[in-house]
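The values are calculated or read from the model by the stated rules, or taken from the named source; none is laboratory data. Only a predicted model underlies this, so the values are computations on that prediction, with no experimental measurement involved. Heads up, the Cβs are rebuilt from the backbone with ideal geometry, glycines too, and the neighbour counts pull from every protein chain shown.
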Amino acid sequence: MAIHKSEGIILSTANWSESSQTITLFTPDRGRLVLNVREARRLTGKRGRPMTFARLEFSYYLREGGESGYLSDVEPVEVFLFEKDGQLGRLTFASASLELLNNLLIVSDPQPACYQITLSFLRMADSIDKNRLPGLFAGYIFRVISLLGFRPNLAGCAGCGGEIAVDTAEPEAGLYFSIERGGLVCDDCRRAMPGQDHLIGLSEMLRSKMLNLMESSLEEAARIPVTLSELNAMMNLVTSLLKYHSGTIRPLKSFDFLEKLTRAVKAYGG
Ligand SMILES: [Zn+2]
């Protein structure tokens, strides 16, 4: 077994017994990494706090060609405590982001850009004004899914490439997003589609806000006002898209993601 050094963020922890623990990490150089933790190295930081939201430096043993190894040493180098006003909202947005990554990342698939933006997101979620959390979170999610190959096509028709005409008679849902095609579809393409099971209606206003968020840095996204109902509509589209297209990887499990988000939104609103 060879020893390696890396850094990473814990995505999930599973305790199999008193003495056996497995952690799943997001590392910049290997993507998803699963490590077994021996009792003496149990992952609790100072004062017994679990090191869930932290950037860790660690060394580990991995067999040549192996997919999981053993944790050797671990040191938190940056900890996100989410202690500012709006703590529950901060925690839930951060948890939702890690849960999403845990479902989308693959073993031995390096994602350095996605890793860096996740660190930036966690830093900002720890520090910015709580009213900016929805814009920050939406901007982060669009960035991550784009980096991982699930960017929704909101520019033209995903069927024929033509322009999309907005139905002004239906300002609330003048546009149709096809989950199967991963983008908006024009009227002609929509009529030519055999079923409409995977269509989500959206307004022109929501489309332009989503496009705006996709083209923004995290700092810019955090300044875009996003209402809680807009955020829910966006995440409904995103989660439907991921559920359908990441099927070959691993279905996004219970989708308590959205439910969690709604709870966060309530906590954050009140
Ligand atoms: Zn079309």
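Residue by residue, here is whether (1) under 22 Å from the mean Cα position of the chain (by Cα); (2) within 22 Å of Ile10 (Cα to Cα); (3) part of a helix (DSSP H, G or I) holds:
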position	(1), (2), (3)
Pro110	yes, yes, no
Cys114	yes, yes, yes
Met124	yes, yes, yes
Arg143	yes, yes, yes
Arg151	yes, no, no
Cys160	no, no, no
Ile164	no, no, no
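Every residue in the range 27-54 that is of a type outside the set (D, E, K, R), under 17 Å from Asn102 (Cα atoms) and at pLDDT 80 or above, please. Across the range 27-54, the qualifying residues are Thr27, Pro28, Gly31, Leu33, Val34, Leu35, Asn36, Thr52, Phe53, Ala54.
Do we have Leu88 as surrounded by fewer than 21 Cβ atoms within 10 Å (Cβ to Cβ) and in a helix (DSSP H, G or I) here? Answer is yes for this residue.
Would you check if Gly149 is more than 16 Å from the ligand (Cβ to nearest atom) and either out of contact with any helix residue (DSSP H, G or I) (no Cβ under 8 Å at 6 or more places or on another chain) or on the phi > 0 side of the Ramachandran plot (or both)? It is true that Gly149 is more than 16 Å from the ligand (Cβ to nearest atom) and either out of contact with any helix residue (DSSP H, G or I) (no Cβ under 8 Å at 6 or more places or on another chain) or on the phi > 0 side of the Ramachandran plot (or both). The range 174-257 holds no helices (runs of 4 or more DSSP H) entirely within its bounds that carry 2 or more residues that are at pLDDT below 90, closer than 18 Å to Leu147 by Cα and within 16 Å of the ligand (Cβ to nearest atom). The single condition among (1) in contact with a helix residue (DSSP H, G or I) (Cβ under 8 Å, 6 or more places away or on another chain); (2) free of Cβ contacts under 8 Å to residues at least 60 places away in the same chain; (3) over 30 Å from Pro28 (Cβ atoms) that Ala113 does not satisfy is (3).
Matching residues to (1) part of a strand (DSSP E or B); (2) modelled with pLDDT of 85 or more; (3) exposed (fewer than 15 other Cβ atoms within 10 Å of the Cβ):
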residue	(1), (2), (3)
Ile10	yes, yes, no
Leu25	yes, yes, no
Leu56	yes, yes, no
Gly66	no, no, yes
Glu83	no, yes, yes
Leu100	no, yes, no
